[in-house]
Structures are given as C-alpha cells and as structure tokens.
Amino acid sequence: MKFQRFPKFRSSLLSRYLLIVLAALMFVPVVIPLSFVASWLIKSAVVSDKHPVENKHFVRREYLTDNWHTAAEQLADASPDQIDQKLKQFKQKYPFASVFWVDHSGMTRLQLPPGSRPVKWSNEDTIQYMKTSTGNRDYFAVVAFIGGNSSRQQGFMAIEIPPSYLELNGIASDPSLFAITLLLLFGFFAGISYLFFRRIRTRLLTLESAMHAPGEDGIPRKIHTGRADEIGLLEQSFNAMIDQLGDSRRREQEEEQLRKRLISNLSHDLRTPLTVIGSHLYSLKKEQLTDQGKQSLALMQDKMSDLDHLIDHLLSYNLLTSGKYAIHRKPQDVLRIVRESAAAWYPLWEREGLAPDINLEGDPLIWNVDEQAFRRVLDNLFQNIVRHAGSGGYIGLDTEMHHGHPALIITDRGPGMQADSGGKGAGLGLSIVQLLLKEMALGLEIESSGSGTLMRIQPLSR
C-alpha cells in the first residue's frame with residue numbers, strides 16, 4: 001500500500017492551525033465592533049420588549065428632536081395660549097418630561113411641572129442653559145426657537161427627558177450586554193481552540209495506547225484512521241508497520257516450523273545408517289586387527305558415540321522449543337539426585353583424571369523438579385566438564401546461600417568457556433540445559449575465567 005508523504009494542505013493540521021491563528025489576529029479588531037452590533041440587536045429584539053412597568057413610554061432621541069423642532073416651526077405667529085396648548089399636548093404624551101417656554105422678553109410663560117426656572121431670563125441665563133443642556137447626563141434636552149428661527153422674536157421652548165426614558169438608537173448600547181456579548185465571543189474562540197487541540201491530543205493518546213497494548217501474538221493491534229492529515233498519515237504508517245510485523249512474524253513461524261521438521265526428519269534419517277555402521281564396527285571389533293586398526297576402530301566408536309549424542313541433543317532441543325517435552329514436576333531432594341548422578345559418573349571422572357570434591361552433606365534440599373529432566377541437566381553439565389575442562393583435573397559439587405536462597409554449585413578448573421577447545425561443539429548441550437531448567441522454574445548462572453568455571457543452579461525468584 002502506498003501512502004502520501006505529505007497531506008493535502010486543505011486537510012492538514014497546518015492549514016487549520018493557520019486558520020485559528022488568523023482568526024486570533026483578526027479577533028480584536030473584528031470582535032469589538034461585532035460585540036457592539038450584537039448587543040444592540042439583542043437589546044432591540046429582547047430587552048426593548050421587557051422594560052420595567054413604571055417606564056411605559058420610551059423616547060428615541062431623533063424622533064423627539066424632529067417632532068419638537070417641527071412643532072416649534074408650526075407655532076409661527078401663534079398666540080401664547082396656542083403655545084401653552086401645544087406644550088400641554090407634549091406633556092400629556094410624555095408625562096415623565098419637563099416642558100417650558102420663554103417669550104421674547106425673557107419671561108417664563110409656562111413650566112410643566114412647575115420648577116425652579118427663572119421667572120425672568122437674562123442673556124447670561126439663556127446662554128448658560130444652552131451650554132449646560134448640551135451633553136448633560138442628568139437629562140436629555142431639546143431647545144427650539146418658536147417659529148423656527150430667532151428672527152420671529154417669539155422666544156424659545158424646551159423639553160427635558162430623563163435618560164432612563166430614552167431608547168439609545170446608536171450602536172453603543174447597554175454596557176452589560178456588550179460585555180456579555182464580548183465574553184461569549186471570547187468563549188466561542190477559546191472553545192474552538194480547545195476542541196482543536198483536544199482532538200489532536202486524543203488521537204495521539206490513542207496511537208500511544210495502541211503502541212503499548214500488544215495483542216496475544218505480541219504485535220500491537222491496528223487502529224482506526226481518521227482524517228487524512230499529519231496524524232492520519234502517522235496512523236496509516238503505524239497500521240502499515242503492523243502489517244509488516246505480522247508478515248515478518250508469519251515468515252518467522254513458517255521458517256521455525258520448517259527448521260523443526262528438518263531437524264526431526266534429519267535426526268530420524270541418521271539413526272538408521274548409524275545403527276548399521278555401529279553393528280559393523282562391533283563385528284570388526286571381533287576380528288584380528290593390528291594395533292593401528294584397533295586404535296582407528298576405537299576412534300570411530302568414539303565419534304559414533306559423539307554423533308549419537310548430537311542427534312539426541314537435536315531431538316531434545318526440537319522437542320523443548322516446540323513445547324512437546326514432557327515435564328512432570330514434584331518436590332524432590334535434589335542433593336540425593338546429584339549424589340546418585342555423581343556416583344554414576346565417578347568411574348569416568350577417575351579414568352579422565354578428574355578429582356571429585358563433593359560436599360553435599362546436610363539437610364535435604366527440596367525443589368519442585370522433574371527427576372529425569374534434572375538428571376539430564378547434570379549429565380550434560382558433567383559431560384561438558386569432561387570434554388572441555390578435563391585439563392584442570394578437578395570437579396567440585398557444593399551448595400551455598402545466594403541472595404538468601406540455597407543454590408547448587410558445580411565448579412571446574414579448566415581453561416574457561418572462552419578458551420578454544422578441540423572438542424567444542426555447537427553449544428546444544430548448554431542450550432538444552434537452560435531450556436530444561438526454565439521448564440522447571442530454575443535458573444543457571446555461569447561465571448567463567450581462565451582459571452575455571454562456576455555454574456550456579458537455583459530456583460527463579462518470583
């Protein structure tokens with residue numbers, strides 16, 4: 001299966017991350033005006049329909065200003081009574097408003113409700129009122145010349161509205177609504193960013209978990225692939241690696257099975273000609289032979305014995321690696337087994353010039369072992385000493401406490417396992433020893449140097 005090396009830009013994490021960065025850069029200059037507009041729309045759609053009960057009428061600035069100036073123009077050449085009547089109509093329409101008018105001579109003619117307006121207005125009073133009414137936060141005031149302009153000399157009229165009765169028609173509306181809208185937009189942006197990185201983290205953790213959760217065959221399981229972005233390509237590569245590992249494991253198992261069949265068949269096939277050769281060697285031994293012939297015959301018999309042991313090792317190794325070697329463990333006194341095995345090997349050690357140093361007295365050492373398998377272990381180890389460490393002329397059998405547990409010690413004074421030996425084989429004997437000990441929950445530690453080798457056998461720690 002062929003995978004893309006790089007994802008398409010529009011579906012990559014880079015493009016989405018750049019989009020978030022771009023949104024962040026545009027966030028402040030765009031979101032603040034947007035918050036104004038949104039808060040105004042919310043106020044217009046929701047809040048305007050839910051005013052308190054005492055505020056039954058609300059006034060728009062532009063509407064009131066236009067109506068007031070229009071009414072002032074319509075009062076051109078009107079009598080004082082007509083002006084009073086017009087102001088009373090405004091008072092009825094806006095009961096929360098204050099209205100008054102001042103004639104050309106500066107006299108306050110009508111004031112609703114009655115208040116603290118000057119009875120006689122000086123020029124300074126008029127200028128001061130015009131100045132303070134503009135931008136006053138206590139009330140919103142509209143002042144207009146009666147008749148439309150000052151040339152008619154009819155005076156002026158004014159209306160004042162408390163700010164709580166005004167509908168703010170600009171974009172800058174209720175500060176609390178603006179703040180809430182701004183917070184909502186900030187929260188939306190933060191939520192988008194969080195979801196983006198949370199999804200990335202979840203996918204990476206899923207991949208990490210799959211790597212550390214192998215299946216029954218020791219190979220991690222394949223995972224579901226998501227988007228075709230960088231992580232998606234990593235997931236595809238991970239699945240491809242799992243496929244390759246599976247193929248490799250299957251090939252390894254097939255090769256292992258082929259090797260085991262080959263060893264098994266070869267071992268059985270060699271038994272027949274070896275048996276025939278052995279019988280003829282036995283027949284030759286009865287014939288009259290020269291001294292050199294007798295030496296050659298003895299050498300052939302030794303090599304036949306070595307070959308027979310090698311075939312036996314191959315069969316045992318094949319059975320052990322296949323899990324078909326029968327092991328029946330039960331509590332045994334291993335010191336008894338070692339003493340009996342050493343007694344059987346004693347004549348051969350004496351013939352080969354090995355001086356045994358056996359110190360196996362004391363209380364029984366009970367281990368959970370298979371007696372035949374343990375004897376096989378001892379035979380292989382003793383045979384290795386005879387073949388490869390006979391020059392040391394020594395073999396020792398002892399026990400010791402190692403890491404708080406009793407251990408069986410087998411030592412020799414040969415040249416060590418690193419030294420070259422003419423009779424050195426393929427190491428099958430030692431491999432079989434380790435496999436047998438493992439099946440019996442025992443371990444083997446080897447310490448070797450030029451002055452000898454120490455082999456320590458003891459139960460594996462749980």
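One table, with the values for the structure above:
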{"quantity": "Meets criteria (out of contact with any strand residue (DSSP E or B) (no Cβ under 7 Å at 6 or more places or on another chain), under 15 Å from Ile20 (Cβ atoms) and either touching a residue at least 24 places away in the same chain (Cβ under 8 Å) or not assigned by TED's automatic domain parsing to the domain that holds Arg16 (or both)) for Phe238", "calculated": "no"}
{"quantity": "Any hit, the range 400-410, residues being crowded, with 20+ Cβ neighbours inside 10 Å, within 19 Å of Ile337 (Cα to Cα) and at pLDDT 90 or above", "calculated": "yes"}
{"quantity": "Matching option when the condition is closer than 19 Å to Ser451 by Cβ, within 50 Å of the chain's Cα centre (by Cα) and free of Cβ contacts under 8 Å to residues at least 60 places away in the same chain, among Gly416, Gly393", "calculated": "Gly416"}
{"quantity": "Hey, Leu430 assigned to a helix (DSSP H, G or I), crowded, with 19+ Cβ neighbours inside 10 Å and within 46 Å of the chain's Cα centre (by Cα) or not", "calculated": "no"}
{"quantity": "Of the criteria (1) at pLDDT below 85; (2) in a helix (DSSP H, G or I); (3) out of contact with any helix residue (DSSP H, G or I) (no Cβ under 7 Å at 6 or more places or on another chain); (4) closer than 21 Å to Tyr165 by Cα, which one Thr126 fails", "calculated": "(4)"}
{"quantity": "Among (1) more than 17 Å from Glu62 (Cβ to Cβ); (2) modelled with pLDDT under 80 - the single one Arg152 does not satisfy", "calculated": "(2)"}
{"quantity": "First in the range 58-70 and in the same structural domain as Phe90 (by TED's automatic domain parsing), second anywhere and small (Gly, Ala, Ser) and part of a strand (DSSP E or B), Cβ under 7 Å, 6 or more apart", "calculated": "Trp68/Ala144; His69/Ala144"}
{"quantity": "Single condition Tyr139 does not satisfy, out of (1) surrounded by fewer than 18 Cβ atoms within 10 Å (Cβ to Cβ); (2) over 16 Å from Thr65 (Cβ atoms)", "calculated": "(2)"}
{"quantity": "Hey, His328 more than 27 Å from Ser461 (Cα to Cα) and either exposed (fewer than 15 other Cβ atoms within 10 Å of the Cβ) or out of contact with any helix residue (DSSP H, G or I) (no Cβ under 6 Å at 6 or more places or on another chain) (or both) or not", "calculated": "no"}
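Residue-by-condition table, conditions (1) among the basic types (Lys, Arg); (2) assigned to a helix (DSSP H, G or I); (3) surrounded by 13 or more Cβ atoms within 10 Å (Cβ to Cβ):
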{"site": "Asp66", "(1), (2), (3)": "no, yes, no"}
{"site": "His69", "(1), (2), (3)": "no, yes, yes"}
{"site": "Asp81", "(1), (2), (3)": "no, yes, no"}
{"site": "Gln85", "(1), (2), (3)": "no, yes, yes"}
{"site": "Lys88", "(1), (2), (3)": "yes, yes, yes"}
{"site": "Phe100", "(1), (2), (3)": "no, no, yes"}
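The values are calculated or read from the model by the stated rules, or taken from the named source; none is laboratory data. What you see is a predicted model; the values in this text were computed from it and never measured. We place every Cβ from the backbone using ideal geometry, glycine too, and count neighbours over all the protein chains shown.
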